[in-house]
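Engineer: Here it is: the structure, laid out below.
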Amino acid sequence: MKYNYKINEANYQKTVLDFVTHYHLGNEKIKRIKDFVYINDKKSSISDSLYLGDILTIDDNEVLDIPCLDKRIDILYEDDNVLLVNKPIGIAIHSDGNENVNNTLANMVASYFKRRNLDMPVRYIHRLDYDTSGIVIFAKDILTMSYLSYLLENHKIRRDYLAFVEGVCDDEFRIEKPIGRNRHVNGKYIVSKSGKMAITNGKTLEKYKGRCLVRLSLETGRTHQIRVHMASIGHPLLGDKLYGGSLKLIQRQALHSYYVEFDNPITKKKIQISCKLPADMDKLKK
């Protein structure tokens, strides 16, 4: 797939190599694209100079490479570089090689790309648990993928969640506890001194009988971070059987990826997207 990048004051770099390095493209990928670079439709070298107004074209020689699942996706935002999708409950983001092979959100996005004649790989930036709903970020080109992955790794993409938890939390709270694998239960995580530090910030939005709605912002991105942290302070997520949450009102963890904020790496446009609660969580307000 060929991608075009207009060189302007916001993204100007001296050479093609400077440009792709600015987007944190790794050495292996640079080697792969170095013979497929064009400036103003002319075959060019990765060491060639760039000037304001140039159109840099990069062919990454990647194509749509997973089966399509012909189900509609709920698109929250899209431009030439990113796609934000509202993930439904009860679907994996990508294949796990076992049960979820061709029936994932990635397969649904692949079908959307095919309908739009976009012959590009499905590149998800982050993951959500099977039963967590809400915003998932996809990159549509190689440089956006590289740069957003860098931002995510360095905690520069804001990601807020909404959750219903047992009991009533403080109005505002901060949890700083390391998280590691539970060696005794496969797929479960615990607060552990030998784990990796994780930080969750919380704010209580509404209080109900025996439960509350909280908004949670992640400073780190550990597996099951919110679920482990909230259980560790005595407020497990409703419906979260794995971490001790009650199943009386909802049959899956009441967790929703609600808000993301980041700059489009190519255009520098600020993207701020929110996603309303799904029906099963919205009922918990009553």
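Engineer: Once you have the Cα-Cα distance between N186 and D59, take 0.36 nm times their residue separation minus that, and quote the gain in nm to one decimal.
Structural biologist: 41.6 nm
Engineer: Still on this structure: Based only on the alpha carbon positions, what is the Kirkwood hydrodynamic radius of the stretch 150-223, in angstrom?
Structural biologist: 13.7
Engineer: Considering amide H positions built from the backbone, and no H for Pro or chain starts, which residues 5 or more places from Y189, or on another chain, come under 5 Å of its amide H?
Structural biologist: N182
Engineer: Which residues in the stretch 100-142 place their backbone N less than 15 Å from a point set 7 Å from the Cα of R32 along the Cα-to-Cβ direction?
Structural biologist: So the set is 120-124, 139-142.
Engineer: Only Cα pairs under 8 Å and at least 6 apart count here; give the relative contact order of the stretch 193-286 as a rounded whole percent.
Structural biologist: So the answer I get is 15 percent.
Engineer: Next up: Once R0 is set to 30 Å, what does the formula 1/(1 + (r/R0)^6) return for the Cβ-Cβ distance between H22 and D80, expressed as a FRET efficiency to the nearest 0.05?
Structural biologist: It comes to 0.95.
Engineer: The stretch 148-286: Rg/Rh from Cα coordinates, Kirkwood Rh?
Structural biologist: Rg/Rh for the stretch 148-286 comes to 0.98.
Engineer: Where does each of S45, S95 land when they are ranked from fewest to most other beta-carbon atoms within 10 angstrom?
Structural biologist: Least to most surrounded, the residues fall as S45, S95.
Engineer: Here's another thing I want to ask about it. Report D for the chain in µm² per second (integer): Stokes-Einstein, Kirkwood Rh on Cα pairs, 25 °C, 0.890 mPa s.
Structural biologist: The diffusion coefficient I find is 119 µm²/s.
Engineer: Okay, next question. Using only the alpha-carbon atoms of the stretch 1-123, report the extent along each of the three principal axes, biggest first, to the nearest angstrom.
Structural biologist: Computed over the stretch 1-123, the largest-to-smallest principal extents equal 48, 27, 24 Å.
Engineer: Moving on to the next point. Which ordering of E9, E172 is given by a fewest-first count of other beta-carbon atoms within 10 Å?
Structural biologist: Ordered by Cβ neighbours within 10 Å, fewest first: E9, E172.
Engineer: Still on this structure: Sticking with the crude label model, points 7 Å out along Cα→Cβ, report the distance from V168 to E261 in nm, one decimal please.
Structural biologist: 2.9
Engineer: Let me ask you something else. Contour minus end-to-end for Q13 and Q272, with contour as 0.36 nm per residue of separation and end-to-end as the Cα-Cα distance?
Structural biologist: Answer, rounded to one decimal: 90.6 nm.
Engineer: So if I restrict to the alpha-carbon atoms in the stretch 2-59, what is the Rg, and what is Dmax, the biggest pairwise distance, in Å?
Structural biologist: Final numbers for Rg and Dmax: 10.2, 28 Å.
Engineer: Here's a follow-up. With runs of 4+ DSSP H residues as the only contributors, calculate the mean residue ellipticity of the chain at 222 nm using -39,500 (n - 2.57) per run, divided by the residue total and rounded to the nearest 500.
Structural biologist: Roughly -4500 deg cm²/dmol at 222 nm, from the helical runs in the chain.
Engineer: Net charge around L105, counting only other residues with Cβ within less than 10 Å of its Cβ (Lys, Arg = +1; Asp, Glu = -1)?
Structural biologist: +3
Engineer: Which peptide among 194-203, 270-279 comes first, and what is the full order, when sorted by highest mean count of other Cβ atoms within 10 Å?
Structural biologist: Ranked by mean Cβ neighbours within 10 Å, highest first: 194-203, 270-279.
Engineer: How long is the gain from N4 to D41 if the chain were fully straight, where each residue apart is worth 0.36 nm and the alpha carbon distance is subtracted?
Structural biologist: Using 0.36 nm per residue and subtracting the Cα-Cα distance, I get 12.3 nm.
Values in this text are rule-based calculations from the coordinates and carry no lab data. All figures in this text were calculated on a predicted structure; none of them were measured in a lab. We place every Cβ from the backbone using ideal geometry, glycine too, and count neighbours over all the protein chains shown.
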